[in-house]
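**Q** The structure that follows is given in the form of structure tokens.
The values are calculated or read from the model by the stated rules, or taken from the named source; none is laboratory data. Owing to the predicted nature of the structure, the values given are computational and were not obtained by experimental measurement. Cβ coordinates were reconstructed from backbone atoms using ideal geometry, including for glycine residues, and neighbour counts include every protein chain displayed.
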Amino acid sequence: MKDLLNPYQKNSLRVTLQTFEEDLRHTLDWLDGREENGILYNRRLNLPKEGREHARQGINVALGLIENLRKKFELHKETSDAASMLQGELTVSWANLHDARAKKLTRFGKVHPELESILDQDIQNLAEIALHLSTILSKSQQEKP
């Protein structure tokens, strides 16, 4: 069956299935009681026990189908370093932080005259930290054996 797909189709199928598998595994983490307690947010899954069991059953079926498709189409398992994913997320955060500066907030309405002097330096510091962390992660990718 490996001849049913050209290399580009095969890669597209693998990426689609991988993305779905990642979503399923993240869902399992939440079903297993994961909680996030940040500075600006708290997050947990509020789903009754019966709903959790139904979700787990569906996830197990889906993971089985993904495994069958992997075998059927001889899809390779990709090994990747989380650094590239984290670097990308931090780069997006860097850009978003720049959009949180006082002058950029005018798109949501008039900005208080003192806001820039109170907000922007802290936002700039956070953006620099995000960029610095992204650079560190980028270097870790370059130093691969």
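**Q** Right, ALA55: within 30 Å of SER12 (Cβ to Cβ), in the same structural domain as ARG25 (by TED's automatic domain parsing) and in a helix (DSSP H, G or I) or not?
**A** Considered against the rule, which asks whether it is within 30 Å of SER12 (Cβ to Cβ), in the same structural domain as ARG25 (by TED's automatic domain parsing) and in a helix (DSSP H, G or I), ALA55 comes out as yes.
**Q** Can you find, within the stretch 1-45, the residue that is farthest from THR79 (Cα to Cα) among those that are in a loop (DSSP other than H, G, I, E, B) and in contact (Cβ under 8 Å) with a residue 24 or more places away in the chain?
**A** Once the filter is applied, the top-ranked residue is MET1.
**Q** Another question, then. May I ask you to list the residues in the stretch 1-20 that are closer than 16 Å to LEU65 by Cα and of a type in the set (S, T, N, Q)?
**A** Correct list: THR16, GLN18, THR19.
**Q** Got a number for residues in the stretch 1-57 being of a type in the set (Val, Ile, Thr) and surrounded by 15 or more Cβ atoms within 10 Å (Cβ to Cβ)?
**A** Residues meeting the conditions: 1.
**Q** Test SER138 against the criterion of being assigned to a helix (DSSP H, G or I), at pLDDT below 95, surrounded by 10 or more Cβ atoms within 10 Å (Cβ to Cβ) and more than 16 Å from the chain's Cα centre (by Cα), and give yes or no.
**A** Yes.
**Q** Just wondering, is there one or more residues in the stretch 76-83 that are part of a helix (DSSP H, G or I), under 30 Å from GLN9 (Cα atoms), among the hydrophobic types (A, V, I, L, M, F, W, C) and within 18 Å of the chain's Cα centre (by Cα)?
**A** yes
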